[in-house]
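In what follows, a single structure is set out as structure tokens and then discussed.
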Amino acid sequence: MNRQWRGLGTATAERTGTRHHALTLDGVTREYRPGAVALHPIHLAVPRGRFLAVMGPPGCGKSTLLRCAAGLDRPTAGTVRIGGTELPPLNAAALTRLRRERIGFVFQEHHLVPSLSVAENVSLPLVLGGHSVDGRDLRALTAVGLGDWGGTMPHELSGGQCQRVAIARALVTSPDIVFADEPTGALGPAAAEEVLTLLRQAVDRDGHTVVMVTHDPFAAARADEALFLMRGKLVWRQERPEAADIRRVLKDLDGRTP
Ligand code: ADP
Ligand code: MG
């Protein structure tokens, strides 16, 4: 295949800031210390209903990108919009509300509250937001195949089941976007496959938007598009990625010197 490097920094003309996009990043930069730039200006627009995988070698800035996009960290420069709304400053009450109601999170660890039942864990984002649950916990649990498990405690579940509960919790508010950082990283192959199938289904059946960080080419191959980061820059993107293509790109990136 004829491969061409495509610069995806400031040169990429993405339409930003519209409600048609679940997420837009406009010049998002993150410098942890003077001279320690984890993200160079990133321009990215993620349309609603898309499953995007973010890949790249360890330390290339994947988690930083996700944390800035999700309002868990503040970019040094640039703006982030979720569903057309610019993220307010960190620590503002408006940001907490926006995160709780319009963003879903799935991490490598499920972070379920051990003292709450499965249904209570799933309801938590609604309850914390002052909303009535209205059977949404059960619908979200049914969507991940755990409709009968609401009364169970997390310690009675397998790791894969816990991660499915975490997905139900992420989807229960019908957020604009779900961010998943290595959601299959702590799972065996069968449970990982289930999690990826659920994320794919959330996009295809329910129109959700998912941005997933992964180092696994097979996981990324389930996405509509894969983005590759290297040293804090977006250096490659591929629509309808296949695992073999992804492995080749990762190998190419590995061999590239600055
Ligand atoms: P990845 O998720 O791709 O492994 P990260 O986003 O975690 O990469 O890190 C990108 C770079 O930023 C790395 O060089 C890392 O050491 C640095 N970094 C990440 N978090 C911090 C932090 N809180 N303080 C200082 N440097 C950090
Ligand atoms: Mg990371």
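The values are calculated or read from the model by the stated rules, or taken from the named source; none is laboratory data. Just so it is clear, the structure is predicted and the values come from calculations on it, not from any experiment. Note: ideal-geometry Cβ built from the backbone for every residue, glycine included; neighbour counts use all protein chains shown. With ligands, DNA and RNA removed, areas are computed over all heavy atoms of the protein, side chains included. Shrake-Rupley method; radii C 1.70, N 1.55, O 1.52, S 1.80 Å.
Kindly provide the trypsin sites (Lys or Arg not before Pro) of region 156-227 that DSSP labels as loop, not H, G, I, E or B, and whose Cβ sees at most 10 other Cβ atoms within 10 Å. Let's see the in-between values first.
Details: sites: R164, R169, R200, R205, R222; in loops: R205, R222.
Filter output for region 156-227: R205.
When the distances between all Cα atoms of region 194-258 are binned every 10 Å from zero, what whole-number percent does each bin get?
20, 51, 23, 6, 0
Counting other Cβ atoms within 10 Å, keep those with at most 15, restrict to DSSP loop, and tell me which GluC sites (Glu not before Pro) in region 158-250 are left.
Listed in order of number, the matching sites are E242.
Which value at 222 nm does the chain reach when only helices count, each DSSP H run of 4 or more adding -39,500 (n - 2.57), with the total divided by all residues and rounded to the nearest 500 deg cm²/dmol?
-9500 deg cm²/dmol
Computing the accessible area with a 1.4 Å probe over protein heavy atoms, can you report the carbon and sulfur percentage for the chain?
Using a 1.4 Å probe with all protein chains present, the chain comes out at 51 percent carbon and sulfur.
Projecting each Cα onto the charge dipole of the chain (Lys/Arg +1, Asp/Glu -1 at the beta carbon, about the Cα centre), which of H155, V235, A166 comes out farthest on the positive side?
So the residue we want is V235.
What accessible area per residue comes out for region 116-184, rounded to a whole number of Å², with a 1.4 Å probe? Could the numbers behind the result be given before it?
Values: 2650 Å² over 69 residues.
I get 38 Å² per residue for this part.
Dipole magnitude of region 19-125 about its Cα centre, charges +1 at Lys/Arg Cβ and -1 at Asp/Glu Cβ only, in debye to the nearest 20? Can you show the working numbers first?
On the way: 13 positive and 7 negative charges, 43 e Å.
Rounded to the nearest 20 debye, it is 200 debye.
When the Cα atoms of the chain are enclosed in a convex hull and the volume is divided per residue, what value in Å³ results?
129 Å³
Let me see the P(r) profile for region 25-155: every Cα-Cα distance counted, bins of 5 Å, each bin given as a percent of all pairs.
Spelled out bin by bin, region 25-155 gives 2, 9, 15, 18, 17, 15, 12, 8, 4, 1, 0 percent.
Which ³J(HN,Hα) values in Hz, rounded to whole numbers, follow from the phi angles of region 75-80 under the Karplus curve 6.51 cos²θ - 1.76 cosθ + 1.60, where θ = phi - 60° and Gly and Pro get x?
Result, ordered by residue: x, 5, 8, x, 10, 10 Hz.
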